[in-house]
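What follows is a single structure, written as C-alpha cells, with notes after it.
Taken together, the values in this text are just the output of simple stated rules run on the coordinates, not laboratory data. Bear in mind the structure is a predicted one, so any value in this text is a computation, not a measurement. Here the Cβ positions follow ideal geometry from the backbone for every residue, glycine too, while neighbour counts run over all protein chains shown.
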Amino acid sequence: MHIKDLCTICDHWTITNIVHDKDTATFTCTHCKNEFDLPWDTNTRFLIRSIRHSLKKRMKKHPELAALKNEGDAIKVENSES
Ligand SMILES: [Zn+2]
C-alpha cells in the first residue's frame, strides 16, 4: 500500500510504500529508498491509520501535498510542523 508521509532521512514528503507479510511491515521511501521494518501488529496498523488521519490536516495547510501521486514523487515543505 502507499501512504503519504514525511521521510526523516531525505526530509521530503514522499510516497511511502508499505509491504507486509504476517510478521513484518517494510516501509520504503520511494524518493531516497530508505527502508525500515516494523512488526506488522496492531500498533503498526494504528500508526498507518494515524498518519493517514493527520495527513488531512496537513493537506489543508499544505495543499501542494495533493500533487504527490506516484512512487518517487517528493515535495519539500518548509515549516512542516503543525
Ligand atoms: Zn526519503
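When the residues of region 20-37 are filtered to those that are more than 16 Å from the ligand (Cβ to nearest atom) and surrounded by 12 or more Cβ atoms within 10 Å (Cβ to Cβ), which remaining residue is nearest to residue 9 (Cα to Cα)? If we take residues in region 20-37 being more than 16 Å from the ligand (Cβ to nearest atom) and surrounded by 12 or more Cβ atoms within 10 Å (Cβ to Cβ), then 25 is nearest to residue 9 (Cα to Cα). Whether a residue is touching a residue at least 40 places away in the same chain (Cβ under 8 Å), touching a Ser or Thr at 6+ places or on another chain (Cβ under 6 Å), surrounded by 12 or more Cβ atoms within 10 Å (Cβ to Cβ) and not basic (Lys, Arg) was assessed, and residue 12 does not pass this test.
Within region 27-82, the set of residues being of a type in the set (Val, Ile, Thr) and without any contact (Cβ under 8 Å) to a residue 40 or more places away in the chain comprises 28, 42, 44. Residue count for region 56-77, restricted to those that are within 16 Å of residue 8 (Cβ to Cβ) and either away from the ligand (no atom under 15 Å from the Cβ) or assigned to a loop (DSSP other than H, G, I, E, B) (or both): 3. Considering region 38-71, the residues that are among the charged types (D, E, K, R) and surrounded by 11 or more Cβ atoms within 10 Å (Cβ to Cβ) include one that is farthest from residue 1 (Cα to Cα), namely 61.
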